[in-house]
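To keep things clear, I will list the structure first and then write my remarks on it.
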Amino acid sequence: MPTGSERYTVNHNYKIMSFIYRMLETTEFEYLHDTRKLFRGDKKRIPFCFSNVFSRYGFSDTKHKKHLIISSPDRNLILNIHAFLQKSINQNLKFGNLIFNLLDAKVFDCSTRSYKILTITPIIIRIPKSIYQNYQLDIRHFYDYVYWREQFPLELFLNQLQRNLKKKYMDYYGKEPKNDLRFTNFILRKQISQKLEIHGSTQTLISTLWEFWFEESEIKDNMLFRFAIDAGLGERNSLGFGFVNPI
């Protein structure tokens with residue numbers, strides 16, 4: 001439960017990510033915070049994602065419990081986080097200037113029997129110049145990449161979404177998935193433009209909220225579908241973007 005009155009904002013994403021890295025210190029996953037090892041390929045990337053801090057009564061209500069869900073396809077990473085939290089029950093945890101008293105921590109498997117998933121936090125998709133320059137997009141400058149937005153062709157978003165998901169799967173498992181996961185049924189719920197503070201600088205991100213649903217035959221025994229729920233969709237999952245829930 002929160003012990004202070006500061007309002008939760010998207011800028012706390014970076015602080016929650018930093019807190020997750022702190023929980024992994026002195027574990028086998030401590031290297032995840034060392035970008036040099038990851039860029040050199042010395043170590044394997046372990047994807048993880050997390051939800052917003054949420055409550056059925058809204059974040060501003062300080063009288064009720066708040067929740068945070070952390071997801072990953074790597075069970076050992078989740079168990080290490082859980083072990084840290086178990087030692088911190090009834091202690092105060094700090095996300096930036098926000099202080100919470102930890103009441104409980106649980107590990108659970110998310111059911112994937114549902115054919116519908118909702119993005120609880122928005123998806124970030126960047127389109128590289130090598131791809132978007134083949135389209136007549138209304139942009140002022142030819143940047144190395146552009147954030148997908150609703151006035152751009154859907155094809156750009158869907159192709160990059162699938163390409164990104166398969167790449168994360170291959171990076172983690174070291175092999176291609178047996179099945180594809182095609183995003184053919186969907187509703188675009190909202191586009192969001194938000195400023196996010198990262199390493200002391202402010203970036204403007206364009207992201208979108210979606211609803212996807214699938215046929216039973218598409219997700220039965222489909223490891224890519226399960227991976228999408230555990231790892232998140234799109235980019236910057238370790239910053240809490242692209243967190244999804246099955247309905």
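See the values below:
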| quantity | calculated |
| --- | --- |
| Residue within segment 90-99 that is part of a helix (DSSP H, G or I) and outside the structural domain of residue 237 (by TED's automatic domain parsing) present | no |
| Residues of segment 74-128 that turn out to be within 30 Å of residue 213 (Cβ to Cβ) and crowded, with 16+ Cβ neighbours inside 10 Å, as a count | 16 |
| Residue list for segment 129-141, restricted to those being of a type in the set (Lys, Arg) and either buried (at least 17 other Cβ atoms within 10 Å of the Cβ) or not in a loop (DSSP other than H, G, I, E, B) (or both) | 129 |
| Condition check for residue 224: assigned to a strand (DSSP E or B), within 21 Å of residue 47 (Cα to Cα) and either in the same structural domain as residue 160 (by TED's automatic domain parsing) or within 19 Å of the chain's Cα centre (by Cα) (or both) | no |
| Criterion: at pLDDT below 90, in a helix (DSSP H, G or I) and more than 18 Å from the chain's Cα centre (by Cα) - qualifying residue of 36, 7 | 36 |
| Of all residues making up segment 142-187, the number that are part of a strand (DSSP E or B) and within 21 Å of residue 219 (Cα to Cα) | 2 |
| Pairs, first under 13 Å from residue 232 (Cβ atoms) in segment 40-55, second modelled with pLDDT under 85 and among the basic types (Lys, Arg), C-beta under 7 Å, six or more apart | none |
| Residue pairs meeting the criteria (Cβ under 9 Å; at least 6 apart or on separate chains; first within 11 Å of residue 127 (Cα to Cα) and not assigned by TED's automatic domain parsing to the domain that holds residue 137, in segment 155-169; second of a type in the set (A, V, I, L, M) and crowded, with 19+ Cβ neighbours inside 10 Å) | none |
| Among (1) within 21 Å of residue 226 (Cβ to Cβ); (2) over 16 Å from the mean Cα position of the chain (by Cα); (3) assigned to a loop (DSSP other than H, G, I, E, B) - the single one residue 73 does not satisfy | (2) |
| Hey, residue 183 more than 14 Å from residue 228 (Cα to Cα), buried (at least 18 other Cβ atoms within 10 Å of the Cβ) and either assigned by TED's automatic domain parsing to the domain that holds residue 226 or out of contact with any Ser or Thr (no Cβ under 7 Å at 6 or more places or on another chain) (or both) or not | no |
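Okay, residues lined up against (1) of a type in the set (Val, Ile, Thr); (2) over 22 Å from residue 211 (Cβ atoms):
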site	(1), (2)
160	no, no
166	no, no
173	no, yes
180	no, no
183	no, no
187	yes, no
191	no, no
194	no, no
197	no, yes
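The values are calculated or read from the model by the stated rules, or taken from the named source; none is laboratory data. Please read all numbers here as calculations on a predicted model, not as lab measurements. Methodologically, a virtual Cβ is constructed for each residue, glycine included, from the backbone with ideal geometry; neighbour enumeration extends over all protein chains shown.
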